[in-house]
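Input: a single structure, listed below in structure tokens.
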Amino acid sequence: MKTKKHILKSLFSTLAILVILNLAGHFIFKRFDLTADKRYTLSQTSLNIIKNIKQPIYVDVYLEGNFPGEFKKLQSETQQLLEEFKAYNGNIIFQFINPLEKEDGRDKIMQQFLDRGLTPINVTVDEKGMQTQEVVFPWAVISYGSKKTKVPLLKNMMGASTAAKVVSSVQHLEYAFANGFNTVSKDKEKKIAILKGNGELQDFQIADFLKSVRENYYIGPFTLDSVTKSPQNTLLALQKYDLAVIAKPTEAFSDAEKQVLDQYIIHGGKTLWLLDQVTIEMDSLMTSGASLAYPRDLNLNDQFFKYGLRIKPDLIKDIMATPIALATGSQGSGTQYSRFPWLYSPLIYPFETTDKSKTNPIVSNLDGIKFEFSNPIEILKNDIKKTILLQSSPYSKAIGTPIPVKLQMVEERPTQKDFINSGNIPVAVLLEGKFHSVYQNRVLSYKDSNFKAIDKNSKMIVISDGDVIKNQLDKSGEPLELGYDKWTNKLYANKEFMMNCVNYLLDDTGLINIRSKEVNLPLLDKEKVIENYTLTQVITIGVPIIILMIFGVAFTFFRKRKYSK
């Protein structure tokens, strides 16, 4: 009787504990991330973004099908991360889709994805020595009401193995999805002015940049032509914008225009400068075969000197260079092209510190960026905080101008000895702090009752190459993706870098800081797996079965022994 009461007491106690735990779990939410790198712990910024999502938001992930282990790892990491997002907001609904599951209409479906900008990649599936080609769409599409945005799941990295690409991609998954959720769920607030009137790049030359920026920000052209008639009204109009982009001006700024820009900066306006201090164009060089590179005067030297830097009218020559395609003969009815390294077109990789946590998020885990006729930036001492974002390789040097530039220079074969003690030249610098006006203690070019010599904190990024933001055009004149070189069929990280610059300058939520997240992702060694395939199968499948059989036999033996007495 006592035994029965004891059993019932234990049963009711257990049920009571379970009820209490369930009630507590309903009111208290806590998830535990036991990974060493906390890869599944969402940042506070991500949580702030998704907590405002009040309606269902749908995520279609096109990472499903038969593909190598690296992509399966990317698939599982994507699923884990989306489950983490969903745990904090049940309105996030996701599914994995294989768009090419049905063979019927395969070509039509692929074309539809291409039209939407969802570019597929071909991968080789290797199973027991047999290789097959599969098409993978490493993309996700987020839908929220009438808004949609695409999320790239695989980062482009030139020369990197698939495994390295996957590791880098996993590090950016949280940022990619958080940015996507923010794009579709949040109304535009910030405004960007694209400055015109001083020979800047035309809209079709920066079309892909404008298209990408327009997803998150209001954007509009802004001309400084009205400065001559009403400079104060021009300044008031410009101050309605949060960021001004000055993309490769070719005509000098007047003193009145400089004062407008100066006061815009002093009052807290953000600026993104892409400047060429040397006049030379690759298009004209390819046409004529030779051109003269000479200094360009934009009348901005004193202004940047006051802010804390100087762009020198020199050209950077770098062994780490991007190739150009030149006609070398003909074969049949077609022209034969060969690739040659072009030393005046540096391939710039991000300047990262030894301590990864101190690397600026603008360039964190960024691939190579294509520059063209870039100029050295000299850092000057003042109270402004300066961060070098990009610099040339250790084997580079500055060449003074004027200087003739010829296509025959592709035949040059310089050695590392030619660049001793001359490399690591800054080409992109971030400046933050309270800027001092260039017109401090000087005669103003126009009267301004609201003139300030120093006022609010501001930020600016200066890039010594206007072509970094310039996209190429296809045969029909349509703009190609920023960073894509149609002559060599290579995709550089120019677009990602430019978008990071804009996001950093305008980001008040700290979203860009998620890019600094580091993930240690262990991957299988393919060669060892193939070499020990049978042994691995025995260990992973056979050993657990044997252990289970031993346990079953031992359990049966001791049970019979106990109850046979």
Checklist outcome for this item: Amide H neighbours of T250 at under 5 Å, excluding residues fewer than 5 places away on the same chain, with H built from the backbone geometry, are G199, E200
Item to check | Options S396, L430, S464, ranked by Cα towards positive dipole end of the chain, top entry (Cβ charges) | outcome: L430
Checklist outcome for this item: For region 135-288, the dipole about the Cα centre with charges only on Cβ (Lys and Arg +1, Asp and Glu -1), to the nearest 20 debye, works out at 760
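Leaving ligands, DNA and RNA out of it, rank H436, H172 by accessible area with a 1.4 Å probe, largest first.
H436, H172
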Next on the checklist: I'd like the accessible area for R214: 1.4 Å probe, protein heavy atoms, all chains in place, Å² to the nearest 10.
Outcome noted: 110
Item to check | Cβ-placed point charges (K, R +1; D, E -1), dipole of the chain about Cα centre in debye, nearest 20 | outcome: 3240
Checklist entry - Mind listing the phi-derived Karplus ³J(HN,Hα) values for region 279-292, rounded to whole Hz, using 6.51, -1.76 and 1.60 with θ = phi - 60°, and x for any glycine or proline? => result 8, 5, 10, 5, 4, 5, 5, 5, 7, 9, x, 7, 7, 9
Checklist outcome for this item: Applied in sequence order to region 215-224, the curve 6.51 cos²θ - 1.76 cosθ + 1.60 (Karplus, θ = phi - 60°) yields integer Hz couplings, x standing for Gly and Pro, of 5, 10, 9, 6, 9, x, x, 9, 9, 9
Item to check | Assigned charges on the beta-carbon of Lys, Arg, Asp, Glu; region 182-248 dipole about Cα centre (debye) | outcome: 100
Item to check | Built amide H within the under 5 Å cut-off of K190, gap 5+ | outcome: Y218
Checklist entry - Not counting the cut sites, what is the longest span of the chain without chymotrypsin sites (Phe, Trp or Tyr not before Pro) that DSSP labels loop and that have at most 14 other Cβ atoms within 10 Å? => result 33-486
Item to check | Accessible surface of region 254-339, 1.4 Å probe, proportion on carbon and sulfur as whole % | outcome: 49
Next on the checklist: Here are labelled values, (1) 25.8, 87; (2) 24.6, 79; (3) 29.6, 111, and one is the computed Rg and Dmax of the Cα atoms in Å for what I pasted. Which one?
Outcome noted: (3)
Checklist entry - Long-range amide H contacts for G423: which residues qualify at under 5 Å (H placed 1.01 Å from N, peptide plane, sequence gap of 5 or more or a different chain)? => result S396
Checklist outcome for this item: Diffing region 393-407: the Karplus 3J(HN,Hα) column from phi (6.51, -1.76, 1.60, θ = phi - 60°), in whole Hz with x for Gly and Pro, holds 6, x, 9, 9, 7, 8, 10, x, 10, x, 7, x, 10, 10, 5
Checklist entry - With the other protein chains left in place, how much accessible area per residue, in square angstrom, belongs to the chain at a 1.4 angstrom probe? => result 54
Item to check | Around S168: net Lys/Arg minus Asp/Glu count, Cβ-Cβ under 10 Å | outcome: +1
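The values are calculated or read from the model by the stated rules, or taken from the named source; none is laboratory data. None of the values given here were measured: they were computed from a predicted structure. Virtual Cβ from ideal backbone geometry, glycine too; neighbours counted across all protein chains shown. Surface accessibility is based on the protein's heavy atoms, side chains included, excluding ligands, DNA and RNA. Shrake-Rupley method; radii C 1.70, N 1.55, O 1.52, S 1.80 Å.
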